[in-house]
Each structure stands twice: as structure tokens, then as C-alpha cells.
Amino acid sequence: MEPAATACFTGYRPQKLPWGGNEDDPRCDALKFRLVESIVAAYARGYRTFLSGMAQGVDTYAAEAVLALSKVLRGMELICAVPYPAYALSLPREHRARYEAIVLGAARCAVCSEKSGSAAMQRRNGFMVENSSLVIAVYDGKAGGTRNTVALAKETGRDVWLVSPE
């Protein structure tokens, strides 16, 4: 993986998005469209590899967008940055099939930690930033992992593109 040609995503889980888990909300569709625009813009600038942390919400939307776009944009690939081996079992049952479909469509998966917990999530976020030169962040200032990942990206000189959740 060449960091200069790699972008990663960070963003909110459904509970921090204004529409929660209701993906039928027009605001969710608008966010997904903004993510597609950002991915296409990154591709136009030479980014070919995209990392997703595989969480529900923004990570999932971005991963699905990359997989769809990779069918028409030559050389685009998705890498799943999985926090720990049994991560899928921590997801709600109704999300697991979606998760598995993303994993099956990805070029490969990188497991970032052997054990579950917040340290595994931090390692996953660090892995994505370390292996990317661009971070596409759905972020508006809320505390949590997204803010920490954006801060790490800025501290380490990565480009950060902010995408509004609304």
C-alpha cells in the first residue's frame, strides 16, 4: 500500500448522525452523495486505494461507495481496516450481512489488533492515518474517535478533507 496514493475515511456512527440509523432520510442520501463526490475528487488527484475502518455509519457508506465506484473507475480498490478478528460479532445482527458483503468485495483486509476494546479502535485509526496521505472526514466537531483521528491526521501532516454530516 502506497500512502501517497491512499485515502482513508473517518466519521460518525449512526447514533451521532442527525437522522440516526434511518438511511431513508434525505439527509443520509445527501451525505452519501457528498462522500461519492469526495471519493471521485480524490481519484481525480491520483488516489487509488481507500481504507475503511468498517464501523457502522460513515465507514460503511464510504466503503460501499468505493466498491460501487471501483466498477467504473479503473484501479480503485478498498482495503478494510478491521479493528480485531472477531469485530463482525460485535456488530448488530442486522448489519453483519452488509459488513460481510463489503469484506468480500474488498481487495484485502488488515486486522489491526488481536484483542477487542477501545485500544483496538485507536490502533485501527492510527493504522489508517499512518498508511494514508489523505483523510476524508465526516466531522463537525463532536468529541470521540472521529475528532481524535482528525487531530492525529493534522498532527502528522496528512491532508484532511472535511465533509459536513448535514
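If you go through the stretch 15-44 and keep only what is under 30 Å from Ala4 (Cβ atoms) and either free of Cβ contacts under 8 Å to residues at least 12 places away in the same chain or small (Gly, Ala, Ser) (or both), you end up with Phe33, Glu37, Ser38, Ala41, Ala42, Ala44.
The conditions are (1) surrounded by 13 or more Cβ atoms within 10 Å (Cβ to Cβ); (2) touching an Asp or Glu at 6+ places or on another chain (Cβ under 9 Å), and Ser164 fails exactly one of them. Which is it? All conditions pass for Ser164, except number (1). Of the residues making up the stretch 74-89, those that are among the small types (Gly, Ala, Ser) and loosely packed, with under 13 Cβ neighbours inside 10 Å are Gly75, Ala86. Quickly run through the stretch 28-74 and pick out the residues that are among the hydrophobic types (A, V, I, L, M, F, W, C) and at positive phi. Answer for the stretch 28-74, where residues must be among the hydrophobic types (A, V, I, L, M, F, W, C) and at positive phi: just Met54.
Looking only at residues that are in a helix (DSSP H, G or I) and among the hydroxyl-bearing types (Ser, Thr, Tyr) in the stretch 92-126, which one is least open to solvent (accessible area, probe 1.4 Å)? The extreme case among them is Tyr99. Per this entry, Ser52 is counted among residues that are hydroxyl-bearing (Ser, Thr, Tyr), touching a strand residue (DSSP E or B) at 6+ places or on another chain (Cβ under 7 Å), closer than 23 Å to Ala4 by Cβ and open to solvent by less than 10 Å² (accessible area, probe 1.4 Å).
All conditions but one from (1) of a type in the set (D, E, K, R); (2) open to solvent by 30 Å² or more (accessible area, probe 1.4 Å); (3) part of a helix (DSSP H, G or I); (4) free of Cβ contacts under 8 Å to residues at least 60 places away in the same chain apply to Asp59; the one that does not is (2). Within the stretch 1-44, the residues that satisfy the criterion of being in a loop (DSSP other than H, G, I, E, B) and out of contact with any helix residue (DSSP H, G or I) (no Cβ under 9 Å at 6 or more places or on another chain) are Met1, Glu2, Asp24, Asp25.
The values are calculated or read from the model by the stated rules, or taken from the named source; none is laboratory data. These numbers were taken from a predicted model, which means no experiment stands behind them. Please note: Cβ atoms are built from the backbone with ideal geometry, for glycine as well, and neighbour counts cover all protein chains shown. Only protein heavy atoms, including side chains, enter the accessible area calculation; ligands, DNA and RNA are left aside. Shrake-Rupley method; radii C 1.70, N 1.55, O 1.52, S 1.80 Å.
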